[in-house]
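Only one structure is covered here, and it is reproduced in the block below.
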Amino acid sequence: MLNGRPKVGVTQNSQELLMLLPEQDTSIMIDFAMVPGIKDKPDYKKEYHNDSLPYEPQYKQAKPIFISGLIGSADSTFAIADVFSRDNKDRWILKILIPSGKVEVIDHQRDQAWIGGPGVRSFGGAGIGFLKDNNTIYFQSESDGYSHLYTYDIAKQRKTQITAGNFEIQKVQLSKDGRQFLIHANKEHPGVFNLYKVNTNGSGWTSITSESEGRYDAVWSPDESYIAALFSLANQPAELYIRKSDEKAAWKQITQSTSEAFRKYEWRKPEFRTFKAADGAEVHARVYKPQGGSGNKAAVIFVHGAGYLQNAHKHWSTYYREYMFHQFLSDNGYTVMDIDYRGSAGYGRDWRTGIYRHMGGKDLSDHVDAIPFLVSEYGVDPDKIGIYGGSYGGFITLMALFQHPGTFACGAGLRSVTDWAHYNHGYTANILNTPEEDSIAYLKSSPIYYAENLADPLLILHGMVDVNVQFQDVVRLSQRLIELEKNNWEMAVFPIEDHGFVRTSSWIDEYKRIYLLFDKHLNK
């Protein structure tokens, strides 16, 4: 027996901050009650107001908060606190004076969806810190729509935006001399990550690398004379490289981690394409073309997991098994498409929050909108398109079959969320609020409420000891399908597997079942 995690909606207590003053033998409780916005209700609350009295946009008491991090100035005259509201709508960067405990607001970001983005919750790490003058802090924020780098001069009370543009700062490191930021960013393309330097005043943006494809994940040596980096391409796993910090220096490859047998196969790069969704949004995708032209005119759409994750990029995927499976599918005549749908990482705030209060909305419609593109650009038969994915990808697969019957010829849902009220708090409450406070969002977003619409063949696969998406999710769904007298579904149970399988035999069994599903219903 395993202890299960709490489900979304568990009461989240407010944190408090206490300043201890040993020399005075006393302490001060920091008062956040007057911080701007700390009593503001989120906008969705208006939908539930059915009282004869006018709607009150503020709570009577301050909202619960949590303190993401705390750093002190070198002269111990003040501290910087990174504070978030428990409803995920507000973030405050606060200056706390020592020893008075007085609170001053440096920055306040409010988001009616939820606060997030790269570097935003990495306080004390790469996302925020002090410059060498002990008077200026730097931090990341999505306040302009993308995660960018800002500084704040505490003495002058002046905020300066250091980077800007339709791209994201993924990681920031202050140089040893404190004059430059060392940056990882997808400045040239959403799916390409290069290294840059920029002066702390925002001038002198310099490209350390300028690859048109690939991803660098780098660290500088302690004296910053060398850079070590993992670099990968879409068809090449990451290898370790090293070079001098000089922008003109050449990389030296240190590792060769793949086997001779692996290198013998001609791993193909997918095509990197974009298509227009029905609402005009430009959706990035990877497409694997079948060998021998149009092949069997069948297509498979893969849905990546996690929701907030990127996979239609130009570097090696964390879904390396699926990458190899897609090669196998294309070897056998299938066109395969992999989409960075709404909610995916790498595309800024609006893309990230495009699923707020409706998972299975725009993230699902992006997959439906891909079908005309596959038909017109790749000669795919619209009646021969299947869909599959795991975790969030399994959830989308269920929603695709339950909400768009007849659109996909079949689907395979792996380790799928079937009811978001049964998932965890940290992830789900950001997007759907809580079941107690926003039941509308959970009703719209949970596949189990749409199971009566199932018309196309469905394969369900799930590990029994899944501690992430718990096994009860598919048990409840299977019971619902039985009650609905649905006959066109099957379920494969893996008795000793967790969310991510670890046994080779399980992976083989799972993907063999998925392939046979497609072979039966698409390859006619």
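The values are calculated or read from the model by the stated rules, or taken from the named source; none is laboratory data. The structure displayed is predicted, hence computed values, not measured ones. Reconstructed Cβ throughout: ideal geometry from the backbone, glycine too, with neighbour counts over all protein chains shown.
Return yes or no: is G101 out of contact with any Lys or Arg (no Cβ under 6 Å at 6 or more places or on another chain), of a type outside the set (D, E) and either surrounded by fewer than 16 Cβ atoms within 10 Å (Cβ to Cβ) or assigned to a strand (DSSP E or B) (or both)? So G101 fails the test. Just so you know, in region 178-204 the residues that are in contact (Cβ under 8 Å) with a residue 40 or more places away in the chain and over 15 Å from Y138 (Cα atoms) include one that is surrounded by the most Cβ atoms within 10 Å (Cβ to Cβ), and it is F193.
Here's the yes/no breakdown for (1) modelled with pLDDT under 95; (2) part of a strand (DSSP E or B):
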{"residue": "W92", "(1), (2)": "no, yes"}
{"residue": "K95", "(1), (2)": "no, yes"}
{"residue": "V105", "(1), (2)": "no, yes"}
{"residue": "W114", "(1), (2)": "no, no"}
{"residue": "D133", "(1), (2)": "yes, no"}
{"residue": "T151", "(1), (2)": "no, yes"}
{"residue": "T160", "(1), (2)": "no, yes"}
{"residue": "T163", "(1), (2)": "no, no"}
{"residue": "D177", "(1), (2)": "yes, no"}
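With respect to V375, is the statement that it is modelled with pLDDT of 95 or more and out of contact with any Gly (no Cβ under 9 Å at 6 or more places or on another chain) true? Yes, satisfied.
Scanning region 436-489 for residues that are within 16 Å of S416 (Cβ to Cβ), of a type in the set (A, V, I, L, M), in contact (Cβ under 8 Å) with a residue 40 or more places away in the chain and part of a helix (DSSP H, G or I) yields A451, V474, L477. Considering only residues that are in a loop (DSSP other than H, G, I, E, B) and either in contact with a strand residue (DSSP E or B) (Cβ under 9 Å, 6 or more places away or on another chain) or at pLDDT 95 or above (or both), look in region 14-26 and name the one that is farthest from F471 (Cα to Cα). That would be L17.
Does L329 satisfy the condition of being closer than 18 Å to S147 by Cα, in contact (Cβ under 8 Å) with a residue 12 or more places away in the chain and either surrounded by fewer than 24 Cβ atoms within 10 Å (Cβ to Cβ) or in contact with a strand residue (DSSP E or B) (Cβ under 7 Å, 6 or more places away or on another chain) (or both)? So L329 does not fit the description; no. Restricting attention to region 148-195, the residues being within 26 Å of S232 (Cβ to Cβ) and of a type in the set (V, I, T) number 5.
Within region 34-80, the residues that satisfy the criterion of being in contact with a Lys or Arg (Cβ under 8 Å, 6 or more places away or on another chain), assigned to a loop (DSSP other than H, G, I, E, B) and among the aliphatic types (A, V, I, L, M) are I38, A62. Looking at Y241, Y323, just one residue is not assigned by TED's automatic domain parsing to the domain that holds G411 and not in a loop (DSSP other than H, G, I, E, B), and that residue is Y241. For region 376-399, the criterion of being of a type in the set (S, T, N, Q), surrounded by fewer than 24 Cβ atoms within 10 Å (Cβ to Cβ) and touching a His at 6+ places or on another chain (Cβ under 8 Å) is satisfied by at least one residue.
Any chance region 24-44 includes a residue that's more than 26 Å from Q140 (Cα to Cα), under 31 Å from the mean Cα position of the chain (by Cα) and crowded, with 17+ Cβ neighbours inside 10 Å? Yes, because at least one residue in region 24-44 is more than 26 Å from Q140 (Cα to Cα), under 31 Å from the mean Cα position of the chain (by Cα) and crowded, with 17+ Cβ neighbours inside 10 Å. Within region 494-524, take every residue that is surrounded by 14 or more Cβ atoms within 10 Å (Cβ to Cβ) and within 21 Å of N3 (Cβ to Cβ) and give me the one that is nearest to the chain's Cα centre (by Cα). It comes out as H499. Residues that are over 15 Å from Y392 (Cα atoms) and among the aliphatic types (A, V, I, L, M) within region 342-368 comprise just one, V368.
Scanning region 228-237 finds no residues that are in a strand (DSSP E or B), free of Cβ contacts under 8 Å to residues at least 12 places away in the same chain and either over 29 Å from L329 (Cα atoms) or of a type in the set (V, I, T) (or both). In summary, W114 fulfils each of the numbered conditions (1) under 22 Å from Q180 (Cα atoms); (2) in contact with a Phe, Trp or Tyr (Cβ under 8 Å, 6 or more places away or on another chain) with the single exception of condition (1). The number of residues in region 253-311 being outside any loop (DSSP other than H, G, I, E, B), crowded, with 20+ Cβ neighbours inside 10 Å and among the charged types (D, E, K, R) comes to 1.
Yes/no per residue for (1) closer than 16 Å to I514 by Cβ; (2) aliphatic (A, V, I, L, M); (3) surrounded by fewer than 21 Cβ atoms within 10 Å (Cβ to Cβ):
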position: Q403; (1), (2), (3): no, no, yes
position: Y427; (1), (2), (3): no, no, yes
position: N433; (1), (2), (3): no, no, no
position: V465; (1), (2), (3): no, yes, yes
position: I482; (1), (2), (3): no, yes, yes
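G69 - would you say it is farther than 28 Å from L131 by Cα and small (G, A, S)? Taking the combined requirement at face value, the residue does not satisfy it.
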